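Here is the structure we will look at, set down as structure tokens.
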Amino acid sequence: MHGIILIIFALLSWPFVLSAATPDSKTMVFEIALKPESELHKILTTAFRDILQKQGYELRTTSLPPKRGLRELKSGRVDGSIGRIGNLAKLLGSDQLIRLDTPVAVFPISRWCRKDLDKAEPSITLATRLGTLVLMMLKDHMDLQRVRLQEIGQQKGIVQMIKSARLDCILSSELLLEADGITLADLKDFERFDLVTFEVYPWIQKRHKQLKPIMDSELKSYPFPEDFRKKYLEQKPACDGKLSILCPDGLIFKSKVDLS
């Protein structure tokens, strides 16, 4: 958790990437792969602008595609990221990334399927709206001989596609879909199963390790709006009351898995 959602999710998948021209630069650039008008984009941008200004840094924002954001982060060409899942460094195979201790969002991952779907069908068309790394983890535990994946971008038309039976199921987070303008009311006619809940953390390059305690302290005490806290920071884990545990839905996922 370049998405929220991006973070995040571009967080889960939707990454927020922090960049500076040189280690001594006093300008930092956050790349946020969420729509500028989205609530998560606005509030996190404001929070990090406030926090960095206290340390004498100027914040600027820009955008990179999610996969390019990962490459820039792994190569060290950017200084950090917010909106990445907690095991980012392990998945990237990098020892140059430091995770902050304070999550900036909690993202539930769910699947929605047509209620008339014959669950004995030998093939299921599954549209995914997730971050690159989250999808990579989840794919390892799907029956890909049965599940046909269709990755989509920011596409509100996904609801009409499942209504018209061009898709069988959607795998995403309600928070990512909301950023695309899709509400829970739009999905009320489909069967929902909550699979797993991930925390999304900021990351910085090891060369900026002196910022870790400062940023953690500032994030812990930052006055996020109460509605934001309830929506993005106080989500209850979907499976067994634990984070990063995947509960099987019996359709796409057959086994319980610890994804931490």
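Some points to look at:
- Cβ-Cβ FRET estimate between Glu151 and Ser123, R0 fixed at 25 Å, reported to 0.05: 0.90
- Diffusion coefficient of segment 37-188 by Stokes-Einstein, Kirkwood radius over Cα pairs, 10 °C, 1.306 mPa s: 90 µm²/s.
- Across Lys90/Lys139; Lys67/Lys139; Lys54/Lys209; Lys42/Lys242; Lys115/Lys163, pairs whose alpha-carbon gap is larger than 21 Å: Lys42/Lys242
- Pairwise label distance in nanometres, Arg68 with Thr183, each label 7 Å out on the Cα-Cβ vector: 3.4
- Free-standing Cys, the chain [no other Cys Cβ under 4.7 Å]: none
- Column: log10 I(q)/I(0), Debye, Cα scatterers of segment 122-260, q = 0.16, 0.18, 0.22 Å⁻¹: -0.98, -1.17, -1.49
- DSSP-defined antiparallel bridges as percent of all bridges, the chain, nearest 5: 70
- log10 of Debye I(q)/I(0), alpha-carbon scatterers only, for the chain at 0.08, 0.13, 0.15 Å⁻¹: -0.30, -0.77, -1.00
- The trypsin sites (Lys or Arg not before Pro) of segment 45-152 that meet both conditions, a loop assignment by DSSP and at most 16 other Cβ atoms within 10 Å of the site Cβ, are Arg77, Lys115, Lys119, Arg146.
- Anchor Lys26: aspartates and glutamates whose Cα lies under 17 Å away (excluding residues fewer than 8 positions away in-chain): Asp50, Glu58, Asp79
Here, each number is a calculation from the coordinates, and none is a lab measurement. Keep in mind it's a predicted model, so treat the numbers as computed, not measured. With ideal geometry, Cβ positions are generated from the backbone for all residues, glycine too; neighbour counts draw on all protein chains shown.
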